[in-house]
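See below for the structure under consideration.
The values are calculated or read from the model by the stated rules, or taken from the named source; none is laboratory data. It should be emphasised that the depicted structure is a prediction, and the values quoted were computed from it without experimental measurement. All Cβ positions, glycine included, derive from the backbone under ideal geometry; neighbour counts span all protein chains shown.
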């Protein structure tokens, strides 16, 4: 059975593996925190989304945990919401009847699908003094003898190699935008070159980048991240394994 990754916008991707549909960090709002307006429409209109089995939330930043979108999704159907341990209350406030909090390296299995929470190097900035600010994670989705890693928001860290040693990754979904000014973002986000080093550490077969081109939340030009990624990938001999998608485009594997 063919599996597919579709970039919807920002960190919202539709992962379809083994007949299961998974949505990551869904955001369909017009702005982030009422400050950063949308520059591109979602690649899949909200009403055209397929039935969603699982929703993954990587952390509580406003551009990743969007309560308005979560409430819309909850009114649409009763998906299972999975978050890092410490921020499950957001899912309960959104009205989801099934909210799962996972610690790093903890797994959840349902039928033939296994979802493992893995480390990330990031700190949420949702509000000052938030006790859940360090509840940041990525997820490995395994099913149909295939594996997809969604990194969420993260800077570079040694844990990429550990994830690769524990899991065989077919497709790594890695963020590449919001890296300038460097003094602010260097310990929070990957940039195109560090994303490629993370990709190599993971030992993944393919890379699909995200976290660029929808909301202008940092100082680099919005089109810079994919151009830089393409250039660095060519220099490192990785071009045939890097798949840059526009909103609404899919990669099948």
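Residues in the stretch 126-161 that are surrounded by fewer than 21 Cβ atoms within 10 Å (Cβ to Cβ), more than 20 Å from residue 87 (Cβ to Cβ) and out of contact with any strand residue (DSSP E or B) (no Cβ under 8 Å at 6 or more places or on another chain): 145, 156, 158, 161. The combined condition, being in contact with a helix residue (DSSP H, G or I) (Cβ under 9 Å, 6 or more places away or on another chain), in contact (Cβ under 8 Å) with a residue 24 or more places away in the chain, farther than 15 Å from residue 104 by Cβ and not in a loop (DSSP other than H, G, I, E, B), is fulfilled by residue 174. Scan the stretch 44-52 and tell me whether some residue there is surrounded by 18 or more Cβ atoms within 10 Å (Cβ to Cβ), assigned to a strand (DSSP E or B) and out of contact with any helix residue (DSSP H, G or I) (no Cβ under 8 Å at 6 or more places or on another chain). No, the conditions are met nowhere in the stretch 44-52.
Among the residues making up the stretch 43-78, those that are in contact with a strand residue (DSSP E or B) (Cβ under 7 Å, 6 or more places away or on another chain) and under 22 Å from residue 126 (Cβ atoms) are 55, 56, 57, 58, 59, 62, 63, 73. Name the single residue, out of those in the stretch 53-80 being part of a loop (DSSP other than H, G, I, E, B) and surrounded by fewer than 19 Cβ atoms within 10 Å (Cβ to Cβ), that is modelled with the highest pLDDT. Filtering first and then ranking leaves 53.
Against the condition more than 16 Å from the chain's Cα centre (by Cα), in a loop (DSSP other than H, G, I, E, B) and on the phi < 0 side of the Ramachandran plot, how does residue 157 come out, does it pass? In short, yes.
Per the conditions (1) within 18 Å of the chain's Cα centre (by Cα); (2) farther than 19 Å from residue 12 by Cα; (3) not in a loop (DSSP other than H, G, I, E, B), the sole criterion not satisfied by residue 109 is (1). For the stretch 105-132, the set of residues classified as over 16 Å from residue 63 (Cα atoms) and touching a helix residue (DSSP H, G or I) at 6+ places or on another chain (Cβ under 9 Å) consists of 105, 116, 118, 119, 120, 121, listed by residue number.
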